[in-house]
Amino acid sequence: QKEVEQNSGPLSVPEGAIASLNCTYSDRGSQSFFWYRQYSGKSPELIMSIYSNGDKEDGRFTAQLNKASQYVSLLIRDSQPSDSATYLCAVRRGTYKYIFGTGTRLKVLA
Amino acid sequence: EPEVTQTPSHQVTQMGQEVILRCVPISNHLYFYWYRQILGQKVEFLVSFYNNEISEKSEIFDDQFSVERPDGSNFTLKIRSTKLEDSAMYFCASSEGERGGQTQYFGPGTRLLVL
């Protein structure tokens, strides 16, 4: 079982729609979770972090965490073509080791 | 806005040579990291560094690799005797630490090509 799993996609959504990205993790002791966006050839850019069960909203983005199900998701409302990128889920394991998923490629169609 | 910087942006080397990749973390950050991303693959953790010593390292980070903070600002990754499979993008990241947060901020990366 992979430590952090994501559907590789591509996930295609029309402009203005909600994009839903999902991530599961294997280490039940994980405490910190992050969503990054990565454009082709660029470095990961932080979108959100979440540490507690429930929802966390920041502008058009909402992160959801369910530790019992070992599941974290990212919702992007009013998707724009500029949101087209690969979205990386990252989980902190241990003291300072971060494990990334393979990423989900999102395409927002104009 | 403070940012992590990395040099060089691109590095081409011959197999067997040594390379040093350089990073300047955000100035008030205490934790430093190196990651590798082979083309088309996921971001892989290599090593974390705090208080002038390695905090954690992955299975990838073997004797071929070493890290150093030679002065108050730079953080380097040395790769000895490079192999073809070391060709990848190498990212440096830094974070404030527990009090200031665990969020890592990434530099723009160094693209390493081993011929």
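The values are calculated or read from the model by the stated rules, or taken from the named source; none is laboratory data. Source: prediction; values computed, not measured. Glycine also receives a Cβ, built like all others from the backbone with ideal geometry; neighbour counts cover every protein chain displayed. Please note that ligands, DNA and RNA were not included when accessible areas were found on the heavy atoms of the full protein model with its side chains. Shrake-Rupley method; radii C 1.70, N 1.55, O 1.52, S 1.80 Å.
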Residue selected from the stretch B:38-65 under the condition of a type in the set (G, A, S) and open to solvent by 30 Å² or more (accessible area, probe 1.4 Å), by the criterion nearest to the other protein chains (Cβ to nearest Cβ)
B:S55
Out of all the residues in the stretch B:1-10, which are buried (at least 19 other Cβ atoms within 10 Å of the Cβ) and away from chain A (no Cβ under 12 Å)?
none
Could you grab me the full set of residues in the stretch B:77-100 that are in a strand (DSSP E or B) and closer than 26 Å to A:W35 by Cα?
B:L77, B:A88, B:M89, B:Y90, B:F91, B:C92, B:A93, B:S94, B:S95, B:G97
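When the residues of the stretch B:101-115 are narrowed to those that are on the phi < 0 side of the Ramachandran plot and in a loop (DSSP other than H, G, I, E, B), which ends up most open to solvent (accessible area, probe 1.4 Å)? Working first, answer last.
Initial filter on the stretch B:101-115 (on the phi < 0 side of the Ramachandran plot): B:102-108, B:110-115.
Remaining after also requiring in a loop (DSSP other than H, G, I, E, B): B:102-104, B:107-108, B:115.
Details: B:Q102: 27, B:T103: 20, B:Q104: 1, B:G107: 1, B:P108: 71, B:L115: 96 Å².
Looking at the filtered set, the residue picked out is B:L115.
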Which residue, of A:S8, A:S79, is modelled with pLDDT under 95 and either touching a strand residue (DSSP E or B) at 6+ places or on another chain (Cβ under 8 Å) or surrounded by 14 or more Cβ atoms within 10 Å (Cβ to Cβ) (or both)?
A:S8
Applying the selection to the stretch A:92-110, what residues are part of a strand (DSSP E or B) and more than 7 Å from chain B (Cβ to nearest Cβ)?
A:R93, A:T104, A:R105, A:L106, A:K107, A:V108, A:L109
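Here are A:S20, A:S52: which of them is more than 12 Å from chain B (Cβ to nearest Cβ), among the hydroxyl-bearing types (S, T, Y), more than 30 Å from B:C23 (Cα to Cα) and part of a loop (DSSP other than H, G, I, E, B)? If you could, list the steps in order and put the result at the bottom.
Working: A:S20 fails: part of a loop (DSSP other than H, G, I, E, B).
From the options A:S20, A:S52, the qualifying one is A:S52.
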Give the stretch B:27-37 a look and list any residue that's farther than 25 Å from B:Q17 by Cβ and either open to solvent by less than 70 Å² (accessible area, probe 1.4 Å) or touching a Pro at 6+ places or on another chain (Cβ under 6 Å) (or both), or say none.
B:H29, B:Y31
For B:P70: the one exception among (1) modelled with pLDDT of 95 or more; (2) surrounded by fewer than 17 Cβ atoms within 10 Å (Cβ to Cβ); (3) more than 14 Å from chain A (Cβ to nearest Cβ):
(1)
Can you name the residue in the stretch A:21-30 that is more than 14 Å from A:N66 (Cβ to Cβ) and surrounded by 12 or more Cβ atoms within 10 Å (Cβ to Cβ) and is also modelled with the lowest pLDDT among such residues?
A:D27
